[in-house]
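Notes to accompany the following structure.
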Amino acid sequence: MRHYINSKVGFTLLELIISITMIGLIILITAGAMRLGHSSIERGDKRIEDIERIKASINIIDSQIQSIFPLTEKGDDGEKKYVFKGERNLMKFGSNYSIWRGIKGYTFVEYKIENIKGKSHLVVSESIVGIENKREINLLNDFDEIDFEYFQKDSTEDKGQWVSAWSDDKKMPLRIKINLSQGTRKFSFIIPVKARPLKEEVYE
């Protein structure tokens, strides 16, 4: 009696190796796609988080600048001058809005742009009038460039101009601009200064 082996039954060793290899490749491709998708989601989440942080910081800056209080002091000549200093990388003023305390009393605010490892950071410090204690926080981090500009306009002028330094101690700027640069993205925020002169307000 003759017995015949059906060659179509089961897999040969070569077919098995090819099948396992193909399954392995499919698993690798699927895992890679999943990792890529996960990384994209993480980058998207981080991007959203960064935007929200910037928005929150700008809101704080907006609140402080719009709450600038026109404190004055007597100069060497006995004349009153505003306690306000504005430069491209530095700004000092009095405000009745505090990052930590909200709207409670007068606060001296200093905005300073620091360069750390080629990146610009906006550091804000506060000290309460009459108290030496100072608190500090980083509001904006890791920008290629951050700077301030100040809008000035005389009553005799039709149009004003933006300047990078404020030198008039008898007036306050009408608006303050914050310029931010990060990679190819450049954007600016313009905040109005609502302070009005208070002749009786003198800081000694």
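The values are calculated or read from the model by the stated rules, or taken from the named source; none is laboratory data. Just so it is clear, the structure is predicted and the values come from calculations on it, not from any experiment. Cβ: placed from backbone, ideal geometry, glycine included. Neighbour counts: every protein chain shown. The area values use the complete protein model at the heavy-atom level, side chains included, leaving out ligands, DNA and RNA. Shrake-Rupley method; radii C 1.70, N 1.55, O 1.52, S 1.80 Å.
Within region 75-100, count every residue that is at pLDDT 85 or above and in a strand (DSSP E or B).
10
What pairs can you find where one residue is in region 170-181 and farther than 8 Å from Ile146 by Cβ, the other is acidic (Asp, Glu), and their Cβ atoms are less than 8 Å apart, with a gap of 6+ or different chains?
Correct list of pairs: Ile176/Glu149; Lys177/Glu149.
Determine if region 55-74 includes at least one residue that is at pLDDT below 75 and open to solvent by 70 Å² or more (accessible area, probe 1.4 Å).
The answer is yes; a qualifying residue exists.
Report, by residue number, each residue of region 117-132 that is at pLDDT 90 or above and open to solvent by 60 Å² or more (accessible area, probe 1.4 Å).
Scanning region 117-132 gives a single hit, Lys119.
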